[in-house]
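Participant: Below is the structure I would like to discuss, written out as structure tokens.
The values are calculated or read from the model by the stated rules, or taken from the named source; none is laboratory data. Quantities reported herein were computed from a predicted structural model and do not represent experimental measurements. Glycine also receives a Cβ, built like all others from the backbone with ideal geometry; neighbour counts cover every protein chain displayed.
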Amino acid sequence: MRRLFFLLLLIFQFSLFPQNYKQVKIYVEDFSQIKDLYAAGIAVDHFEKTKDNSVIQFLSDQEFDRLKMLNFRYEVLIDDWYAHYNSRASLTEAEKQNIIADSKMNFGVEGLTFGSMGGYLTLSEVYQKLDSMKILFPNIITSKIQIGTTLENRPMYAVKISDNPDINENEPGVLYTALTHAREPGGMMTVMYYMYWLLENYGTNPQATYLVNNRQVYFIPVVNPDGYEYNRSTNPNGGGMWRKNRKNNGGSYGVDLNRNFGPENYWNSPYGGSSTS
């Protein structure tokens, strides 16, 4: 019983602390070799292509171990991403205020402020912003609409911006989503910024006014609340690298939500569906 207790404690500790990530430069002879990396279970969907025929990619410890087994030349650029991220200088309060002032002057947007997670909004801050939008612009945005509940029992919210937001009008619709991958808050901040641009410029900017009057614009700023909250719990100052949801697969966690669209023969990986790395 005592051994079982310590084993369970060890498993619990590993579930709390994320894997280390490295930034690695991988040299390829041609880009058809990217398929070889993917076939080995290395997620190569967000790489930086360089002029010397190589790719720069973030790899988890598990993915890096797989890379070492392959016949690729590589160079580790950042050995410990979390240590590197935490060592970077943060923006001062004055610098933040200057950025907000420039945003107001150049784009008419001042409502989107910096969040508390390395400058990014946390999940609760996103939802607070949506509530604030409804208070400030009640005639052109809906209240939060719950569209589902996550595996960890968190609500998922959408909103709609239009000139008659609570009416389903005969107008073209468009949907913007963000944070399908939990480690990509930049997309969420971009979506939130666009929302504020529409709301704050309505009635003064011809383009914003036209879009609000002639479109039904839907937003889901956080598709993956569980994964995003997991990154906040492990890296409250930002820089968390978890990208999947938090489904318990019986020994591993997470489904890559961005690998679960049809058709299966396009998205399916050699490991069966979304990888678990």
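Participant: Would you mind finding the one in Gln97, Gln33, Gln57 that is surrounded by 15 or more Cβ atoms within 10 Å (Cβ to Cβ) and either assigned to a helix (DSSP H, G or I) or touching a Cys at 6+ places or on another chain (Cβ under 9 Å) (or both)? Break it down stepwise before answering.
Facilitator: Working: Gln97 fails: surrounded by 15 or more Cβ atoms within 10 Å (Cβ to Cβ); Gln57 fails: either assigned to a helix (DSSP H, G or I) or touching a Cys at 6+ places or on another chain (Cβ under 9 Å) (or both).
Residue meeting the stated conditions: Gln33.
Participant: Out of curiosity, is Glu200 of a type in the set (Asp, Glu), farther than 14 Å from Ser162 by Cβ and touching a helix residue (DSSP H, G or I) at 6+ places or on another chain (Cβ under 7 Å)?
Facilitator: On the way: of a type in the set (Asp, Glu): yes; farther than 14 Å from Ser162 by Cβ: yes; touching a helix residue (DSSP H, G or I) at 6+ places or on another chain (Cβ under 7 Å): no.
When the stated conditions are applied, Glu200 does not pass them.
Participant: Looking only at residues in region 23-60 that are under 12 Å from Tyr74 (Cα atoms) and in contact with an Asp or Glu (Cβ under 6 Å, 6 or more places away or on another chain), which one is modelled with the highest pLDDT?
Facilitator: Lys25
Participant: Can you tell which of Met133, Met195, Met189 is within 20 Å of Met241 (Cα to Cα), hydrophobic (A, V, I, L, M, F, W, C), modelled with pLDDT of 95 or more and buried (at least 18 other Cβ atoms within 10 Å of the Cβ)? Break it down stepwise before answering.
Facilitator: Details: Met133 fails: within 20 Å of Met241 (Cα to Cα); Met195 fails: within 20 Å of Met241 (Cα to Cα).
Unique residue meeting the criteria: Met189.
Participant: Can you pull out the residues in region 74-94 that are surrounded by 11 or more Cβ atoms within 10 Å (Cβ to Cβ) and either part of a loop (DSSP other than H, G, I, E, B) or not hydrophobic (A, V, I, L, M, F, W, C) (or both)? Step through it out loud before you land on a result.
Facilitator: Going through region 74-94, the residues surrounded by 11 or more Cβ atoms within 10 Å (Cβ to Cβ) turn out to be 74-86, 90-91.
Within region 74-94, Tyr74, Glu75, Asp79, Asp80, Tyr82, His84, Tyr85, Asn86, Ser90, Leu91 meet the criteria.
Participant: Restricting the search to region 48-60, which residues are free of Cβ contacts under 8 Å to residues at least 12 places away in the same chain and within 21 Å of Tyr82 (Cβ to Cβ)?
Facilitator: Scanning region 48-60 gives a single hit, Glu48.
Participant: Within region 71-98, track down each residue that is without any contact (Cβ under 8 Å) to a residue 12 or more places away in the chain and either among the hydrophobic types (A, V, I, L, M, F, W, C) or on the phi > 0 side of the Ramachandran plot (or both).
Facilitator: Ala83, Ala89, Ala94
Participant: Against the condition outside the structural domain of Asp80 (by TED's automatic domain parsing) and either free of Cβ contacts under 8 Å to residues at least 12 places away in the same chain or in contact with a Phe, Trp or Tyr (Cβ under 8 Å, 6 or more places away or on another chain) (or both), how does Pro236 come out, does it pass? First the steps, then the outcome.
Facilitator: On the way: outside the structural domain of Asp80 (by TED's automatic domain parsing): yes; either free of Cβ contacts under 8 Å to residues at least 12 places away in the same chain or in contact with a Phe, Trp or Tyr (Cβ under 8 Å, 6 or more places away or on another chain) (or both): no.
Spelling it out, it is not the case that Pro236 is outside the structural domain of Asp80 (by TED's automatic domain parsing) and either free of Cβ contacts under 8 Å to residues at least 12 places away in the same chain or in contact with a Phe, Trp or Tyr (Cβ under 8 Å, 6 or more places away or on another chain) (or both).
Participant: Kindly indicate whether any position in region 210-222 is closer than 22 Å to Leu121 by Cα and in a helix (DSSP H, G or I).
Facilitator: From region 210-222, those closer than 22 Å to Leu121 by Cα are 217-222; that's our starting set.
Filter once more, so that each one left must be in a helix (DSSP H, G or I): none.
The answer is no; no qualifying residue exists.
Participant: Give region 104-113 a look and list any residue that's in contact (Cβ under 8 Å) with a residue 12 or more places away in the chain and part of a helix (DSSP H, G or I), or say none. First the steps, then the outcome.
Facilitator: Quick first cut of region 104-113, residues in contact (Cβ under 8 Å) with a residue 12 or more places away in the chain only: 107-113.
Within region 104-113, just Phe107 meets the criteria.
Participant: Do we have Val191 as in contact with a strand residue (DSSP E or B) (Cβ under 9 Å, 6 or more places away or on another chain), within 28 Å of Ser116 (Cβ to Cβ) and either outside any helix (DSSP H, G or I) or without any contact (Cβ under 8 Å) to a residue 24 or more places away in the chain (or both) here?
Facilitator: Considered against the rule, which asks whether it is in contact with a strand residue (DSSP E or B) (Cβ under 9 Å, 6 or more places away or on another chain), within 28 Å of Ser116 (Cβ to Cβ) and either outside any helix (DSSP H, G or I) or without any contact (Cβ under 8 Å) to a residue 24 or more places away in the chain (or both), Val191 comes out as no.
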